[in-house]
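One structure is given below, encoded as structure tokens.
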Amino acid sequence: MIMSHDANLDFYVINIGSDKGLKKGQKLTVFRNGKNIGGIEVTRVNPTVSIAVSALSKVSSPFKLGDKVR
């Protein structure tokens, strides 16, 4: 799940980390209300949380707090 978004640096904090097998460079799909709304790429991994950036190349990303990732 997307826990926060840094609008200045345009990255997301997600609640999945290395303890769940996540790795740097891994791509995840973002869902809202069960619908695929885009993707993110993991850039930094910690045991319980990770940092990711939008795979979209536009300035304003559509992802919101609470969107699901897998």
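The values are calculated or read from the model by the stated rules, or taken from the named source; none is laboratory data. Everything numeric in this text was worked out from a predicted model, so none of it was measured. Reconstructed Cβ throughout: ideal geometry from the backbone, glycine too, with neighbour counts over all protein chains shown. Note: accessible area is taken over every heavy atom of the protein model, side chains too, but ligands, DNA and RNA are not part of it. Shrake-Rupley method; radii C 1.70, N 1.55, O 1.52, S 1.80 Å.
What to note about this one:
- Considering residues of region 56-70 that are in contact with a Leu (Cβ under 9 Å, 6 or more places away or on another chain) and surrounded by fewer than 17 Cβ atoms within 10 Å (Cβ to Cβ) only, the residue modelled with the lowest pLDDT: 62
- In region 1-12, of all residues being in a loop (DSSP other than H, G, I, E, B) and modelled with pLDDT under 95, the one that is surrounded by the fewest Cβ atoms within 10 Å (Cβ to Cβ) corresponds to 8.
- Given (1) without any contact (Cβ under 8 Å) to a residue 60 or more places away in the chain; (2) touching a Phe, Trp or Tyr at 6+ places or on another chain (Cβ under 6 Å); (3) open to solvent by 40 Å² or more (accessible area, probe 1.4 Å), index of the condition residue 15 fails: (2)
- For first residues located in region 30-50 and in contact (Cβ under 8 Å) with a residue 40 or more places away in the chain, partners that are assigned to a loop (DSSP other than H, G, I, E, B) and lie 6+ apart or on another chain with Cβ distances below 9 Å form the pairs 49/15; 49/16; 49/17.
- Qualifying residue in region 20-38 (condition: outside any strand (DSSP E or B), open to solvent by 60 Å² or more (accessible area, probe 1.4 Å) and touching a Phe, Trp or Tyr at 6+ places or on another chain (Cβ under 8 Å)): no
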